[in-house]
Amino acid sequence: MLANLLVVAAAPELPAKVVLGWADEPVNRLLDIDPLREAAVALVPLGLSGIVPAQAPPIEPLDLPTLPLSACEVSYQAIRQMHAAASLGSGAEAAPCRTRSAESRRPRSTSEPVPLRPVQGRSCRASRSSP
């Protein structure tokens, strides 16, 4: 999903940046996430950077109903423990993660992009099975 989002953002040259360090609790509240059953794994701000927004309003719980996608839900204790151990409590705690990430970025390639050509004689639609 993340790769698809970045490709779609790149098509109209919409700036997109993957953020891997943030204060988990406010993001969980904003997205109405139950941290015992689900988690945000990346944030992707879209658009121009450098614009400082006004202070955000208080976050009210969404309390949206959800429907299960399968008959049973599997819980992986080790994944929950790892996520809890890696969760950050505040923006100040997350800031060093974003700074380290920015410092470790490699410079962009200066080589020309390689054009992609469609494969002749095959149709992606024809190879899909119908429902």
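The values are calculated or read from the model by the stated rules, or taken from the named source; none is laboratory data. For clarity, every value in this text was computed on a predicted model and none was experimentally measured. As a convention, Cβ positions derive from the backbone with ideal geometry for all residues, glycine included, and neighbour counts pool all protein chains shown. Note: accessible area is taken over every heavy atom of the protein model, side chains too, but ligands, DNA and RNA are not part of it. Shrake-Rupley method; radii C 1.70, N 1.55, O 1.52, S 1.80 Å.
Can you pull out every residue in the range 86-98 that is under 18 Å from the mean Cα position of the chain (by Cα) and either exposed (fewer than 10 other Cβ atoms within 10 Å of the Cβ) or of a type outside the set (G, A, S) (or both)? Can you show your working first?
Within the range 86-98, the first condition is being under 18 Å from the mean Cα position of the chain (by Cα), and the residues that meet it are 86-88, 91, 94-95, 97-98.
L88, C97, R98, listed by residue number.
Can you give me the number of residues within the range 16-39 that are out of contact with any Leu (no Cβ under 6 Å at 6 or more places or on another chain), assigned to a loop (DSSP other than H, G, I, E, B) and either free of Cβ contacts under 8 Å to residues at least 12 places away in the same chain or farther than 17 Å from A95 by Cα (or both)?
Total satisfying the criteria: 7.
If H83 satisfies every condition in (1) within 23 Å of A3 (Cβ to Cβ); (2) open to solvent by less than 80 Å² (accessible area, probe 1.4 Å); (3) part of a loop (DSSP other than H, G, I, E, B) but one, which is the exception?
So the condition that H83 fails would be (3).
Considering only the range 2-15, how many residues are in a helix (DSSP H, G or I) and over 14 Å from the mean Cα position of the chain (by Cα)? Walk me through how you get there before you give the answer.
Initially, the range 2-15 is screened for residues in a helix (DSSP H, G or I), giving 2-10.
This time we only want the ones that are over 14 Å from the mean Cα position of the chain (by Cα), so: 10.
Summing the residues that are in a helix (DSSP H, G or I) and over 14 Å from the mean Cα position of the chain (by Cα) in the range 2-15 gives 1.
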